[in-house]
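Notes follow the structure.
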Amino acid sequence: MIMRKVLLMAMLAMALTAGAQEVICHRGYWDTDGSAQNSIRSLVKADSIGAWGSEFDVWMTADGVLVVNHDETFNDVVIETAKWKQLKNMRLENGEPLPTLDHMLECGKQLKTRLILEMKPHTSKEQELEAVRKIVKMVKQKGLEERIEYITFSYAGMKNLKEMAPAGTPVYYLNGELSPAQLAELEVAGIDYSIGVMREHPQWIDEAHELGMKVNVWTVNSDRDMDWCINYGVDFITTNAPERLQQKLAR
Ligand code: MG
């Protein structure tokens, strides 16, 4: 009985010190009526359910247009080697035009949810560097510097985002091979690793926290994975099922 009480108190103390756990919609809130992955609608839907953040993916065309899409291709056209005119009349599954970053950020300005911008690793590192320059500039022009967080699988991209975005802008690394201690030297905001990587390295959660970094985990869809992240005190949980996760966190 006493042991149980001690355990409950320890758990309560952990929950109090862990801080809020937040929901991020993976590629927006797309698994719902009228939405599609990485659509303007998915950003609006994420905001409408009060999600803390909404994630989307960004590529740059050969002629310098920033496009929101997950895959490197859209309708078999390779985005990074295409011209915008080849893509601009294409439509998403929900009938929306393929969004540009400009469209996405314009929409984001009207909303409250945080904008989690994933910069995709480009084949040409010069083009990727140019993409970082353009992204950072556009975010500034739209007055969204306080509302944006950057994530990327690209090691060079992470360093470039860190260097070009205003000091204190959160930048997270996705690729999963670096420990929190290795990343702390680069002064990034934290790790944003897959649930598979985190289950192999659960100690990285406490390590990151001790180094003053945050932990984001993706893509957390099953109840089992959601419960794991909640119990381990993961700060940001990126999911395709944001409403189910919100219900769990509200309990
Ligand atoms: Mg992504």
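Consider S179 carefully, then state whether it is over 20 Å from K134 (Cβ atoms), modelled with pLDDT of 95 or more, more than 17 Å from the chain's Cα centre (by Cα) and of a type in the set (S, T, Y).
For S179, the condition - over 20 Å from K134 (Cβ atoms), modelled with pLDDT of 95 or more, more than 17 Å from the chain's Cα centre (by Cα) and of a type in the set (S, T, Y) - is met.
Pairs only if they're at least six apart or on different chains, beta carbon under 6 angstrom, first in the stretch 164-189 and farther than 22 Å from E145 by Cα, second within 16 Å of the ligand (Cβ to nearest atom) and open to solvent by 30 Å² or more (accessible area, probe 1.4 Å); list them, first residue then second.
N175/F153; G176/V197
Any residue that is at pLDDT 95 or above, surrounded by fewer than 21 Cβ atoms within 10 Å (Cβ to Cβ) and in contact with an Asp or Glu (Cβ under 7 Å, 6 or more places away or on another chain) - is there at least one of those in the stretch 85-98?
no
Just to be sure I understand, how many residues within the stretch 170-185 are of a type in the set (A, V, I, L, M) and within 16 Å of the ligand (Cβ to nearest atom)?
First pass over the stretch 170-185, keeping only residues of a type in the set (A, V, I, L, M): 171, 174, 178, 181, 183-184.
Imposing the further condition that a residue be within 16 Å of the ligand (Cβ to nearest atom) reduces the set to 171, 174.
Number of matching residues: 2.
What's the number of the only condition in (1) surrounded by 14 or more Cβ atoms within 10 Å (Cβ to Cβ); (2) farther than 27 Å from M104 by Cβ that Y172 fails to meet?
(2)
Return yes when T113 is under 19 Å from Q37 (Cα atoms), among the β-branched types (V, I, T) and either within 15 Å of the ligand (Cβ to nearest atom) or surrounded by fewer than 16 Cβ atoms within 10 Å (Cβ to Cβ) (or both) and no when it is not.
no
For the stretch 219-233, which residues satisfy the criterion of being surrounded by fewer than 24 Cβ atoms within 10 Å (Cβ to Cβ) and not hydroxyl-bearing (S, T, Y)?
So the first thing to find is which residues in the stretch 219-233 are surrounded by fewer than 24 Cβ atoms within 10 Å (Cβ to Cβ), and the list is 219, 221-228, 230-233.
Hits for the stretch 219-233 are N221, D223, R224, D225, M226, D227, W228, I230, N231, G233.
State which residue is nearest to the ligand (Cβ to nearest atom) when the search covers only the stretch 26-56 and only residues that are of a type in the set (D, E) and surrounded by fewer than 20 Cβ atoms within 10 Å (Cβ to Cβ).
D31
Restricted to the stretch 129-152, and to residues that are free of Cβ contacts under 8 Å to residues at least 60 places away in the same chain and in contact with a strand residue (DSSP E or B) (Cβ under 8 Å, 6 or more places away or on another chain), which residue is nearest to the ligand (Cβ to nearest atom)?
T152
The values are calculated or read from the model by the stated rules, or taken from the named source; none is laboratory data. No experiment lies behind these values; they were computed from the predicted model shown. Every residue, glycine as well, gets a Cβ built from its backbone with ideal geometry; the counts of neighbours run over all protein chains shown. Surface accessibility is based on the protein's heavy atoms, side chains included, excluding ligands, DNA and RNA. Shrake-Rupley method; radii C 1.70, N 1.55, O 1.52, S 1.80 Å.
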